[in-house]
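Student: Structure provided below as structure tokens; questions to follow.
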Amino acid sequence: MANPQFTFSKLRIAFLTGAVVWASLLTYLVHGFGFSWFIAATDGVINSLLLGAACWLINNNLRYFQPGKGSYINIFVWCVALAGACTFGCRWILPFIHNNQVYSNFVAQSLIIRFFTDFLAIGWMAMISMIWYSQLDQKENEKRKTEAEKLARDAELYNLRQQLQPHFLFNSLNSINALIGFKPDEARKMIHQLSDFLRGTLKKDDQQQVTLTEELSHLQLYLDIEKVRFGHRLMTEISCDKKCQDCILPPMILQPIVENAIKFGLYDTTDAVTVSIRAEWDDNYLTLMVQNPYDPKTARPRKGTGFGLSGVQRRLNLLYARNDLIETHANDNIFTTIIKIPQII
Amino acid sequence: MKRALLIDDEPLARMVVLEYLQGFKDEIEVLGECNDGFEGLKAIQQHQPDLIFLDVQMPKINGFEMLELVENPPSVIFTTAFDEYAIKAFETHAVDYLMKPFSKDRFNKAVEKFLAQTPAQAKKQTETLLDTASQSPAQHERIVVKTGTKVKIIPVADVEYLEADDDYVSVHTKEGSYLKNKTMSFFEQTLDSTQFVRVHRSFIIKIQDITRIDPYEKDAHLAILKSGAKIPVSKTGYVKLKQVLGI
């Protein structure tokens, strides 16, 4: 949008130009009736000054008080009153300046036509101002609205990314606490993994997408930590088509799904659990598939697609405005989560 | 000498407890370590320990569910990274609960608290703990029962009706019925009241399983369930049922 200062001065110039043109036309017109150029010019200037003042007044009024829907009649009354005032001004000022009987008669006879011309000019000004200012208002509102929406969206995306389970953090710290006692080197390694992972989650911004390779290496940190925690019970398989390696996706989109799979898998069976992650290229979509074993008989009833997954769904919805990018299947004791990330080529 | 058992699904978490227990070599003997609630349950019945260190989030059945199945539960020290507010309710009833990761000082305090207790105190405390634990909302989605030596997890969705049976409640499902050492009023309070209605002093039925309600003698009715079971409905039970069904 243009700088308001700039539009304001432009408006002023247009207004002045209008007044000058109006005064010249009027002068020419009055001269046409056989009066001297001097008389004609004063007539034109005085008339334009009065009309200009009236227009300025109504314009200023409308700038600060946008009329409601029912109050157009007020504007009409205002226009009539201002036109009346202008005409009245001419009626008294002009004969006062020029003490000329013929001219005074001319002024008195032309009062009706002067009134209507003034009324039309003021009405036109009122209309233009009304449209102009309501449009400005609307633009301002729209801008505010989009800004508010963007802020809300950013905040929500931020929150969704931060849904890292505190549980994970505390349990990891507990594992480190255990390792410090008898395997200090591993404790140190785990601290590094944990800090790398946390740093990765902190600096990521949704608008900056990452490549699948980057996302997978970040995920690997998470998996390594979980493997230390659960020991031999947790195994992972990651396979990624060559074509997918440079695909882009929102950062940290895979982690909650894998976290969900691990939790679901590990807490639903007592055996060793293999969580598998597959990335495939499918017709301009990057398809990511995460699978974990589960026991359909004892699985706790899960609302919707599960807590972690609903966050992912919401994120995909905010980023791509689509609800069909995530799906889950459960069969043969295997729970599968599939997400599709549209790729722009 | 007190005897203790460690129940936690994370090996490293047990390691910490073991290490910290070194300081109590003369007071506490470690009987063993268990990977999950099933192993824990077996080991408790077998060894009858005085104290267990128990994690809450474990595979298949959680710490509370395991405790429910133990006949003479020992004293409990929770070791967990569970949400603090969720466990707050049990704070006063467990010997203590340790938020992972916990320091050696904090651990020592918990164990000293346990050692200072008389057996009678300990028993009473554990009983209150069990009552409180079963009130937690997480426990209302499924019912964990023991059949012989096996543990059976019944999702609430599979329950058809509940019947009072002496000091127990018999949980009826399609696959059979299981005894649970709880009271009818416990289930009346904890089960979702829009799904389950206590229609009789001795019966709680699931509304969506009702196929028909017939009049039966004076003031009484009989509810016929999908499975064909006929459940008596008392006068007050009928009023409650009508309320929930909105008729």
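Student: Output the pairs from B:LYS174/B:LYS242; B:LYS123/B:LYS180; A:LYS297/B:LYS206; A:LYS243/A:LYS340; A:LYS297/B:LYS124; B:LYS60/B:LYS180 with a Cα-Cα distance over 24 Å in this structure; if there are none, say none.
Tutor: Result: B:LYS174/B:LYS242; A:LYS297/B:LYS124 exceed 24 Å.
Student: Relative to the longest principal Cα axis of chain A, at what angle does helix A:111-161 sit, 0 to 90 degrees, rounded to 10?
Tutor: 10
Student: For the Cα atoms of chain A, what angle does the longest principal axis make with the long axis of helix A:254-268, in degrees from 0 to 90, nearest 10?
Tutor: With both axes taken from Cα atoms, the answer is about 40 degrees.
Student: Same structure, new question: What's the longest uninterrupted piece of chain A once you rule out the chymotrypsin sites (Phe, Trp or Tyr not before Pro) that are loop residues per DSSP with at most 15 other Cβ within 10 Å?
Tutor: A:66-345
Student: Averaged across the residues of A:173-185, what count of C-beta atoms belonging to other chains lies within 10 Å of each residue's C-beta?
Tutor: Working: counts 3, 14, 8, 2, 11, 12, 3, 3, 7, 2, 2, 0, 0.
Average per residue, whole number: 5.
Student: Would you mind checking the tilt of helix B:235-245 against the longest principal axis of the Cα atoms of chain B, expressed as 0 to 90 degrees and rounded to 10?
Tutor: Approximately 80 degrees, to the nearest ten.
Student: Continuing with the same structure: Apply the a/c threshold of 1.5 to the C-alpha gyration tensor of region A:175-302 and tell me whether it is rounded, prolate or oblate.
Tutor: Here region A:175-302 falls in the oblate category.
Student: Show which lysines lie in cross-link reach of A:LYS139 when reach means a straight Cα distance below 21 angstrom and same-chain residues fewer than eight apart are skipped.
Tutor: Candidates past the 8-residue exclusion: A:LYS10, A:LYS69, A:LYS150.
Student: Right, here's the next one. If you filter region B:146-247 for GluC sites (Glu not before Pro), then keep DSSP loop positions with at most 12 other Cβ within 10 Å, what is left?
Tutor: In loop regions of region B:146-247 (DSSP not H, G, I, E or B), the sparsely surrounded GluC sites (Glu not before Pro) are B:GLU175, B:GLU217.
Student: Between A:ASN174, A:VAL77, A:TYR158, whose Cα lies farthest towards the positive end of the dipole of the protein assembly as shown when Lys and Arg beta carbons carry +1 and Asp and Glu beta carbons carry -1, centred on the Cα centre?
Tutor: The residue sitting most towards the positive pole is A:VAL77.
Student: Quick one: what Rg and Dmax do you get for the protein assembly as shown from the alpha carbons, in Å?
Tutor: Looking at the protein assembly as shown, its Cα Rg and Dmax stand at 40.6, 131 Å.
Student: Okay, helix-only estimate at 222 nm for the protein assembly as shown: each DSSP H run of n ≥ 4 adds -39500 (n - 2.57), divide by all residues, round to 500 deg cm²/dmol; what do you get?
Tutor: -17500 deg cm²/dmol
Student: In whole Å, what are the Cα extents of region B:1-127 along the three principal axes, biggest one first?
Tutor: Principal extents (largest minus smallest coordinate, Cα): 34, 29, 27 Å.
Throughout, read-outs are computed from the coordinates displayed, never taken from laboratory work. What you see is a predicted model; the values in this text were computed from it and never measured. Backbone-built Cβ (ideal geometry, glycine too); neighbour counts: all protein chains shown.
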